[in-house]
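We did not get these values from a lab; they are worked out from the coordinates using the rules stated. Just so you know, these numbers come straight off a predicted model, no measurement behind them. Cβ sites come from the backbone with ideal geometry, for glycine too, and all protein chains shown count toward neighbours.
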Amino acid sequence: MIFETHAHYDDKKFDEDREELLSSMPSNGIGTIVNVTAEYSSLEATFELIEKYDFIYGTVGVHPSETEELNEEKTERIKELAKRDKIVAIGEIGLDYYYPEPSHDVQKKWFIKQLEIAKELDMPVIIHSRDAAADTLEILKSDAAKGLRGVIHCYSYSKEMAMEFEKLGYYFGIGGVITFQNAKKLVETVEYLPIEKIVLETDSPYLSPVPNRGKRNSSLNIPLIARRIAEIKNVPYDTVVEITEKNARNLYFGQTEKR
Ligand code: NI
């Protein structure tokens, strides 16, 4: 069954029909969902979801654009919450230079701090990186991240950059963008990547695939993404679903390979 590696069902865009929508997932072939926390204030909402649905797992972490709200006390709390049942990763964390705030220094500080938590607890990381390829790579190569496993979520850089992250052992989260007309760079990356390095994600409620682009996204759209990957890799649809599920299980439930 499909493994959805990255969604935000705590988002208020799901307030109206969250329960109905989530209950319909298993019967639509969505076997597992990881609800990714982006803000300190939404940690509680993730815990509610993972308690309520046995097929939903959670993560704890703060998105780079929300790091202004962080302090030592809050990161200590994140570390404690990360030890709870069904929390499978630290994320999403990283660098986002698209907007001018928070400053690069603030983002780097809390990115490194959260990487250190993951390392201490031996947990995988979910990396958000936008317009910040060089700095992200530098930090992931540094001691703070040495030996960590994880995923570069919503991968948006070049094929050449993908080779660099691949060398570090990271998986690549591929979502709705792969179906866009102007996704030439990402198509090239997916052509290049071994399917064993790809995991499926939606980033719901954002980034709906074609033909639902612009509408609220949900994990029910993952078949559109898997079908496009199958086309690009020239493999059967079922193979994409099966191998990406295995990859995702290894990412979130596996052991760190020693390297
Ligand atoms: Ni996200």
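In region 53-76, of all residues being hydrophobic (A, V, I, L, M, F, W, C) and surrounded by 22 or more Cβ atoms within 10 Å (Cβ to Cβ), the one that is nearest to the ligand (Cβ to nearest atom) corresponds to VAL62.
Against the conditions (1) over 24 Å from VAL240 (Cα atoms); (2) in contact with a strand residue (DSSP E or B) (Cβ under 7 Å, 6 or more places away or on another chain); (3) more than 15 Å from the ligand (Cβ to nearest atom), LYS79 satisfies every one except (2). Among the listed residues LYS108, LYS86, LYS119, identify the single one that is at positive phi, under 19 Å from the mean Cα position of the chain (by Cα) and among the basic types (Lys, Arg). Only one candidate passes the filter, namely LYS86. Within region 202-248, the residues that satisfy the criterion of being β-branched (Val, Ile, Thr) and either within 16 Å of the ligand (Cβ to nearest atom) or in contact with a strand residue (DSSP E or B) (Cβ under 7 Å, 6 or more places away or on another chain) (or both) are THR202, ILE222, ILE225, ILE229, VAL241, THR244.
Being within 16 Å of the ligand (Cβ to nearest atom) and within 16 Å of ILE87 (Cα to Cα) is the filter here; which residues of region 102-126 pass it? Listed by number, the residues that qualify are GLN114, PRO124, VAL125, ILE126. Look at region 149-161: where a residue is without any contact (Cβ under 8 Å) to a residue 60 or more places away in the chain and a partner is more than 12 Å from the ligand (Cβ to nearest atom) and part of a loop (DSSP other than H, G, I, E, B), sitting 6+ places away or on another chain with Cβ atoms under 6 Å, you get ILE152/TYR170.
Take region 214-226 and flag every residue that is under 17 Å from GLY173 (Cβ atoms) and over 17 Å from the mean Cα position of the chain (by Cα). Within region 214-226, PRO223, LEU224 meet the criteria. Scan region 187-225 for residues that are under 23 Å from ARG149 (Cα atoms) and part of a helix (DSSP H, G or I) and the total you get is 7. Restricting attention to region 133-170, the residues that are outside any helix (DSSP H, G or I) and more than 15 Å from the ligand (Cβ to nearest atom) add up to 10. Taking the criterion of being β-branched (Val, Ile, Thr) and within 22 Å of SER24 (Cα to Cα), would at least one residue in region 173-188 satisfy it? No; the residues of region 173-188 include none that is β-branched (Val, Ile, Thr) and within 22 Å of SER24 (Cα to Cα). GLU20 meets the stated requirement of being over 16 Å from PRO223 (Cβ atoms) and away from the ligand (no atom under 15 Å from the Cβ). Of all residues in region 89-106, those that are assigned to a loop (DSSP other than H, G, I, E, B) have Cβ atoms under 6 Å from Cβ atoms of residues that are surrounded by fewer than 24 Cβ atoms within 10 Å (Cβ to Cβ) and of a type in the set (A, V, I, L, M, F, W, C), 6 or more apart or on another chain, in TYR97/ALA132. Looking across region 17-35, just one residue is under 28 Å from ILE93 (Cα atoms), touching a residue at least 40 places away in the same chain (Cβ under 8 Å) and part of a helix (DSSP H, G or I), and that is LEU21.
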